[in-house]
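Encoded as structure tokens, the structure appears first; notes follow it.
The values are calculated or read from the model by the stated rules, or taken from the named source; none is laboratory data. Because the structure is predicted, anything quoted here is derived from the model rather than measured. Accessible surface areas use protein heavy atoms only, side chains included; no ligands, DNA or RNA. Shrake-Rupley method; radii C 1.70, N 1.55, O 1.52, S 1.80 Å.
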Amino acid sequence: MNIEYGPDADEDLPEEVLAVIESGAMPLAAVRHWKQLSVEQLAGRSGVSVAAIKGAEAGRPLSPEAQVNLAWVLGVGADLFHD
């Protein structure tokens, strides 16, 4: 399945965010913190449940629809959120 991207999907992540991800943090958590959003704020803006976001930040997979919604809100490529 091809994942579609949000309008700002080409935005480059800063080196500090990439370093956090490379050190083992889940990409969703790293980007959410960089964008200074709480889980609740991100859920409200994306339509993805708090439980799904917390699960993804703990390593559980997201549905393709949730990946696209979160990517669109965060301005990154949806491929960042899948294995």
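Just a few scattered comments:
- Surface accessible to a 1.4 Å probe, per residue, for the residues of the chain, Å²: 61
- Carbon and sulfur %, accessible surface of the chain computed with the full protein complex present, 1.4 Å: 49
- In angstrom, the C-alpha Rg and Dmax of the chain are 11.4, 30.
- Using the rule -39500 (n - 2.57) for each DSSP H run of four or more residues, divided by the residues of the chain, the 222 nm mean residue ellipticity is -14500 deg cm²/dmol.
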